[in-house]
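Mind having a look at this structure? Questions to follow.
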Amino acid sequence: MKNGNIYVPLEERKGNESIVYFTRDISPEGIRKAYEKVNEHITGKVCIKLHTGEKNGPNFIPSAWVKEVMENSPSLKDATIIETNTYYEGDRYTTEQHRETLEVNGWTFCPVDITDDEGTVDLPLKGGKWFDHMTVGSHMVNYDSMFTLTHFKGHTMGGFGGSNKNIGIGCADGRIGKAMIHSSEEGQWAVDEEELMEKISESTKATIDFFGKNVTYVNVMRNMSVSCDCEGLAAEPVVTPNVGILASTDICAIDCACVDLVHAMTAEQNAALWERMQSRHGFRQLTYMKELGMGNDRYILIDLDNNEVRITAKEAVKDVKPFKRIEF
């Protein structure tokens, strides 16, 4: 029975709880403050997995913000941003096109490793329904730790794009891994909604199993169009209010918390994004991550702005204002 269009409230979930930190400070300093709470195991050769955007995209995390975060976070000073080429043809389909897009979008202040530039490697996957491995860019295994910096937003196929989508699609290489996720027996792109959510999650599991405890997550809930950053200038206008920044060492908990924060808004505030999540069966990402043992769907939300007290999602969003673009 398919149930990925049914939202399970926090109070109905069972099991252990993880810690998720929250700040309303949507800025480079807010990102750094959140990251510093969860970076204990970010050591050695560090990669930063983020979405660098299509050319001149309006909503991805600004490159100038990431530059400031890296300059002021000791564990990130020598880090490398990692990306992979796209499965669809466009401005990031080949490495040459991708490099040009990176320059246009300002990702010139540190190394950017397009990890599938020189081939692929298969990572084992335990407990999967669809895969026993995932194919990723060969360079990814050269790193000791991964900082997953995610622009949380909607997604045309996935319902929403959180840390799970950032890794599951973003680390799979552009030709083999992404084809595995987006194809079925019926053909290319012909994947059932919940099958897609499960395949994305299995892809993510292969990567986070590789890094073990040396991976951490920050989600930025800003400029949340119902469209992914891969749609660039064609993205739907943003109507959902900006919320804040979250951080955790638990990928399931942080994506659950972001979805819960959207749910806690008024119907007028969350209508567009909530419809996108529900109609694409995006909640299956959350339940399947729990089933795969990737983390907890229950969590304690800690307010970094107010003496690190525990708060509810309703309390976190009670003062959100109608959307106003945060420029940079």
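The values are calculated or read from the model by the stated rules, or taken from the named source; none is laboratory data. Bear in mind that the values here come from a model prediction, so they are computed numbers and not experimental data. Positions of Cβ are generated from backbone atoms using ideal geometry, with glycine treated the same way; all protein chains shown enter the neighbour counts.
Check whether at least one residue in the range 73-85 is over 27 Å from D209 (Cα atoms), assigned to a loop (DSSP other than H, G, I, E, B) and modelled with pLDDT of 95 or more, and report yes or no.
Checking the range 73-85: not a single residue is over 27 Å from D209 (Cα atoms), assigned to a loop (DSSP other than H, G, I, E, B) and modelled with pLDDT of 95 or more.
Right, another one. Please give the strands (runs of 3 or more DSSP E) falling wholly within the range 129-180 in which 2 or more residues are closer than 22 Å to I31 by Cα.
Per the criteria, 145-151, 153-155, 159-161.
Quick one: in the range 86-110, which of the residues that are of a type in the set (A, V, I, L, M, F, W, C) and assigned to a loop (DSSP other than H, G, I, E, B) is surrounded by the fewest Cβ atoms within 10 Å (Cβ to Cβ)?
Result: F109.
May I ask you to say which residue of D117, D113, D122 is surrounded by 17 or more Cβ atoms within 10 Å (Cβ to Cβ) and outside any loop (DSSP other than H, G, I, E, B)?
Just one listed residue meets the conditions, D113.
What about T108, is it under 16 Å from L50 (Cβ atoms), among the polar types (S, T, N, Q) and in contact with a Lys or Arg (Cβ under 8 Å, 6 or more places away or on another chain)?
No, not satisfied.
Of all residues in the range 236-259, which are over 12 Å from M221 (Cα atoms) and touching a helix residue (DSSP H, G or I) at 6+ places or on another chain (Cβ under 6 Å)?
Correct list: V239, S248, I251, C252, C256.
Working only within the range 126-165, note down all residues that are among the hydroxyl-bearing types (S, T, Y) and at pLDDT below 95.
Across the range 126-165, the qualifying residue is only T156.
The rows are residues; the columns are (1) farther than 13 Å from T150 by Cα; (2) basic (K, R); (3) surrounded by fewer than 22 Cβ atoms within 10 Å (Cβ to Cβ).
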{"position": "Y217", "(1), (2), (3)": "no, no, no"}
{"position": "D229", "(1), (2), (3)": "no, no, no"}
{"position": "G232", "(1), (2), (3)": "yes, no, yes"}
{"position": "T240", "(1), (2), (3)": "yes, no, no"}
{"position": "C252", "(1), (2), (3)": "yes, no, no"}
{"position": "V259", "(1), (2), (3)": "yes, no, no"}
{"position": "A264", "(1), (2), (3)": "yes, no, yes"}
{"position": "E268", "(1), (2), (3)": "yes, no, yes"}
{"position": "L273", "(1), (2), (3)": "yes, no, no"}
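What number goes with the only condition from (1) touching a helix residue (DSSP H, G or I) at 6+ places or on another chain (Cβ under 6 Å); (2) under 24 Å from V141 (Cα atoms); (3) surrounded by fewer than 17 Cβ atoms within 10 Å (Cβ to Cβ) that P74 does not pass?
Of everything listed in (1) touching a helix residue (DSSP H, G or I) at 6+ places or on another chain (Cβ under 6 Å); (2) under 24 Å from V141 (Cα atoms); (3) surrounded by fewer than 17 Cβ atoms within 10 Å (Cβ to Cβ), P74 misses just condition (1).
Here is a further query. What residue, of G295, G212, is within 30 Å of D132 (Cα to Cα) and surrounded by fewer than 22 Cβ atoms within 10 Å (Cβ to Cβ)?
G212
Would you mention how many residues in the range 34-57 are part of a loop (DSSP other than H, G, I, E, B) and either modelled with pLDDT under 95 or closer than 25 Å to D173 by Cα (or both)?
The total comes to 12.
Residue by residue through the range 226-244, note down the ones that are in a loop (DSSP other than H, G, I, E, B) and closer than 17 Å to L50 by Cα.
Once the filter is applied, which keeps residues that are in a loop (DSSP other than H, G, I, E, B) and closer than 17 Å to L50 by Cα, the range 226-244 yields S227, C228.
Sticking with this one: From the set of residues in the range 253-270 that are in contact (Cβ under 8 Å) with a residue 24 or more places away in the chain and over 16 Å from the mean Cα position of the chain (by Cα), which is farthest from E12 (Cα to Cα)?
Once the filter is applied, the top-ranked residue is Q269.
Kindly establish whether G44 is touching an Asp or Glu at 6+ places or on another chain (Cβ under 9 Å), over 30 Å from T312 (Cα atoms) and surrounded by fewer than 19 Cβ atoms within 10 Å (Cβ to Cβ).
When the stated conditions are applied, G44 passes them.
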